[in-house]
Amino acid sequence: MTNALQLSVPDGVPFIDYTREIDFPVADVFRAHADPNLVSQWLGPRGMKMEMDHYDFATGGTYKYTHTGPEGIPYDFTGIFHTVRENEFAIQTFEFSGYPDVVSLEFNTFEDLGDGRTRITVHAVYPTQEARDGMAASGMESGLVQGYERLEELLASRTGAKTPQEAS
């Protein structure tokens, strides 16, 4: 059984919420979000090359990275980490070059479920309904699904464990 992404794009509000359970301890999942060498191995959809300009997952830190697809088109992402609490929480801004001048504010929670499992919950707030709708239509869901699958594969390769897909 796999841990499915739960995505909510509610009508009438400029929010996107999603949750994903990961069958690895919260410290490992958090580290995979904090270490730029690990982030570059899982973040985003399959088939994208990722180049990390900089990535400082700490309160007041910033990031910039580029995904380039097989067609050679670059997609830049930038932001600021406003608050980071190890193994618990991160608040960050997120800006995608495909939607210039639109910055979302994301609240990321890392919840220890016990038994070596973690729940990641994200609440993303957009400046307008139109901006939220544009992000929702951008292929975001597919990228999230693939990215979290890649995260589990990365964590499994580091521990020798099986991913939920391999175990079923």
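Residue by residue through the stretch 124-134, which ³J(HN,Hα) values in whole Hz follow from phi under the Karplus form 6.51 cos²θ - 1.76 cosθ + 1.60 (θ = phi - 60°), with glycine and proline marked x?
10, 10, 10, x, 9, 4, 4, 5, 4, 5, x
With a ≥ b ≥ c taken as the square roots of the eigenvalues of the C-alpha gyration tensor of the stretch 1-64, please select rounded if a/c is under 1.5 and otherwise prolate if a/b is larger than b/c or oblate if it is not?
Prolate.
Of Tyr63, Gly114, Ala124, whose Cα points farthest to the positive end of the dipole of the chain (charges on the beta-carbon: +1 Lys, Arg; -1 Asp, Glu; origin at the Cα centre)?
Gly114
In whole Hz, what ³J(HN,Hα) sequence does the stretch 82-99 give by Karplus (6.51, -1.76, 1.60; θ = phi - 60°), x for Gly and Pro?
Calculated HN-Hα couplings, in order: 7, 9, 10, 10, 3, 6, 10, 7, 8, 10, 9, 8, 9, 10, 10, 4, x, 10 Hz.
Taking H as built 1.01 Å from N, whose amide H comes closer than 5 Å to the amide H of Phe24, not counting residues under 5 places away?
Under 5 Å from the amide H of Phe24: Thr118.
Determine the calculated [θ] at 222 nm for the chain from helices alone, applying -39500 (n - 2.57) to every DSSP H run no shorter than 4 residues and normalising by the residue count; nearest 500 deg cm²/dmol.
My calculation for the chain gives -8500 deg cm²/dmol from helical runs alone.
Skipping prolines and chain starts, which residues have an amide H placed within reach, meaning under 5 Å, of the one on Thr59, given they are 5 or more residues away or on another chain?
Close amide H contacts, sequence-distant or interchain: Val84.
How big is the dipole moment of the stretch 92-163 about its Cα centre under a simple scheme where the beta carbon of each Lys and Arg is +1, that of each Asp and Glu is -1, and everything else is neutral? Debye, nearest 20, please.
In debye, rounded to 20, the stretch 92-163 gives about 280.
Each value in this text was obtained by applying a stated rule to the coordinates, not by laboratory testing. Quick caveat, the model's predicted, so the values are computed rather than measured. Cβ sites come from the backbone with ideal geometry, for glycine too, and all protein chains shown count toward neighbours.
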